[in-house]
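Take a look at the structure set out below.
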Amino acid sequence: MIQINVGSWDRWLRIIVGLVLISLVFWGPKTWWGLIGIVPVLTGIFRYCPAYSLCKISTVGK
């Protein structure tokens, strides 16, 4: 079982930023670099960030 390490505010911030980055593929500069937004969206949806695990960080409240 994966330990949840992304808190509520962090989760929504990741999803919003990820969707904005993904929108760059369709609007704005229309660059494929916008697909990097998939990473924050997925970490927000699953509430797990591998980088947080490596650094032993958790934004989940006690």
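Taking the stretch 22-46 as the range and being of a type in the set (Ser, Thr, Tyr), more than 26 Å from ILE57 (Cα to Cα) and surrounded by 12 or more Cβ atoms within 10 Å (Cβ to Cβ) as the test, only SER23 passes.
Annotation: of all residues in the stretch 18-44 being β-branched (Val, Ile, Thr) and in contact (Cβ under 8 Å) with a residue 24 or more places away in the chain, the one that is farthest from ILE4 (Cα to Cα) is VAL41.
Bear in mind these aren't lab numbers, they're just calculated from the coordinates by the rules spelled out. Keep in mind that this is a model prediction, so the values were computed, not measured. FYI the Cβ positions are ideal-geometry reconstructions off the backbone, even for glycines, and counts take in every protein chain you see.
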